[in-house]
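One structure is given below, encoded as structure tokens.
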Amino acid sequence: MVDLFMIFFFFFKQKTAYEMLRSLVGSEMCIRDSFQISFKLAGVITPSGGMNGPEDAFYKESRDYAINRIQQREVEVAVDTSDKGGNFIGRLMINGKDFAVELAEHGFAAVNNHDRTLVAAEEKGRATKKHIWSSPEAIPDRYKVIMEERIDHSAPVRSTDTQWKKVTITDVIDANTITMQSIDSEGRRKDIDEACKTCRTGDAHVGATRGEIVVAKYVDDGSWNRAKVLSVNNKAGEAEVLFLDFGTTDLVDLKDIRRIPRENDFEFLRTSAPLAILAKLAYIRKMAADSQYVDDCLDTIWNYGDGATTFVARCEYSIGDQGFYTISTTPTAETLGEFIVKAGVTIIDKKLAKVGDATTYNAIQKAQDSAAKRRVCMWKFGDAGFYDEEEGN
């Protein structure tokens, strides 16, 4: 069996031409020569069809693109390896061009290795802000997991911009992630609000499609805002949307969605960057989604500031493209990090003790010492070995 596999593998390493039988997803397909094999493109992740979970955004679009480009056409493949499922993994060339590069350039694939050509193609795709790069919610979940792992293992880089900026908190995503909006963007916000008010007078856009930028009504306050359609349930008469300038997702009735006019005066609603900024809380350890303290932590974050509507934020460091921030009501007040740690609903990440501003870290450490001494929430039974693994115990 081993010898047969090696011969088979060697045979496919020869960059032989094959006819595409059908395309399964953007980077996974079946190839037919005298027999059929399953083949995956190396180095990229494309939207999944949801066989083992919900369907990723732009799955159908990426699949259809692959079908139109390579199905029933002669291509060249070079197999590099195979996976446990028996799928061959490698490169596929059509008309002399690497198909993985093509998918990445068109915003249908994210790169999960360090191949310079693929990375450059992904950067080109990101710049278009189309398909999977059109919003954070459109990025394939598998890629998000990989990025989170990279963040966990990447070296933090201290921020060179230590200025406090006025912000509003628009949503709390998880126990150490919020979305915020810069007060400096109020001019853009005003222009967007005025344009959205004009759009709301139009007819209901019941034919909204996934990936479309629209104007939608936010149920909680009745305001109309820019939104990205994530999915549509015509039977229920509703759509899941991402409000671009707030970073929140919600279900909206189709009757509360408006098409953005094609006139030039409204084009900026489609093309201007979202106002929402995804911010991680500096020096706070990432909490598992199934932790028993998640809800307590989320509630505590929302309760910070005693009803304050504006805050100040300062970037302490970044890991990859992700910024980690200190949030406070004023530059000299108790920070959000201190507030939630003192409440005992989360803990600090000791690995970051020497990153960023030492005074800020020490203040959060002092708040944690207070929580431990008072035995509140997570500290109810004392030190439950939160740092045993880091200390080698």
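The values are calculated or read from the model by the stated rules, or taken from the named source; none is laboratory data. Because the structure is a prediction, the values reported are computed rather than measured. Neighbour counts run over all protein chains shown; Cβ positions are idealised from the backbone, glycine included. All accessible areas refer to the heavy atoms of the entire protein, side chains included, with ligands and DNA or RNA removed. Shrake-Rupley method; radii C 1.70, N 1.55, O 1.52, S 1.80 Å.
If the segment from Asp290 to Glu194 were pulled out straight at 0.36 nm per residue, it would be longer than the present Cα-Cα gap by 30.5 nm. Cross-link check: pairs Lys235/Lys255; Lys129/Lys166; Lys40/Lys97 evaluated at a Cα-Cα cut-off of 21 Å; pairs beyond the cut-off: Lys129/Lys166.
Looking at the range 145-257, the pairs of alpha carbons with a distance over 25 Å make up 36% of the total.
Overall dimensions of the range 225-328, expressed as equivalent-ellipsoid semi-axes from the Cα gyration tensor (√(5λ), whole Å, largest first), are 31, 20, 14. Taking a sphere under 10 Å around the Cβ of Lys342 and counting the other residues whose Cβ falls inside, with K and R at +1 and D and E at -1, yields a net charge of -1.
Averaging the sequence gap over all C-alpha pairs within less than 8 Å and six or more residues apart, then dividing by the number of residues, gives the chain a relative contact order of 12 percent.
Under the combined filter of DSSP loop state and at most 13 neighbouring Cβ atoms within 10 Å, the range 245-320 retains these trypsin sites (Lys or Arg not before Pro): Arg262.
Residues whose amide H comes within less than 5 Å of that of Glu316, counting only those at least five positions distant or on another chain, are Phe324, Tyr325, Thr326 (H built at 1.01 Å from N in the peptide plane).
Residues in the chain average 53 Å² of solvent-accessible surface per residue, probe 1.4 Å, ligands and nucleic acids excluded. Could you tell me which helices of the chain pass both thresholds, a Cα extent of 15 Å or more along their own axis and a mean Kyte-Doolittle hydropathy of at least -1.0, with helices taken as whole DSSP H runs? Once both thresholds are applied, what remains is 2-12, 116-128, 358-374. Other residues with beta-carbon under 9 Å from the beta-carbon of Tyr325 carry, at +1 per Lys or Arg and -1 per Asp or Glu, a net charge of +1.
With R₀ fixed at 22 Å, the C-beta to C-beta distance from Ser223 to Phe268 puts the FRET efficiency at about 0.75. Subtracting the Cα-Cα distance of Val145 and Arg73 from 0.36 nm times their residue separation leaves 22.5 nm of extension gain. The helix-only estimate of mean residue ellipticity at 222 nm for the chain, built from DSSP H runs of length n ≥ 4 each weighted as -39500 (n - 2.57), is -8500 deg cm²/dmol after division by the residue total. Once P(r) over Cα pairs in 20 Å bins from 0, in percent is calculated for the structure shown, the corresponding label among [x] 23, 48, 27, 2; [y] 26, 52, 21, 1; [z] 22, 43, 31, 4 turns out to be [x]. Rounded to whole numbers, the Karplus 3J(HN,Hα) couplings from phi for the range 80-91 are 9, 6, 9, 9, 5, x, x, 8, 7, 10, x, 9 Hz, using 6.51 cos²θ - 1.76 cosθ + 1.60 with θ = phi - 60°, and x at Gly and Pro. For the chain, the fraction of 1.4 Å probe accessible surface lying on carbon and sulfur atoms is 50 percent. Neighbours of Ala216 by Cβ distance under 10 Å: Lys/Arg scored +1, Asp/Glu scored -1, total +2.
Applying 0.36 nm per residue to the separation of Thr209 and Arg374 and subtracting their alpha-carbon distance, the gain on full extension is 54.1 nm.
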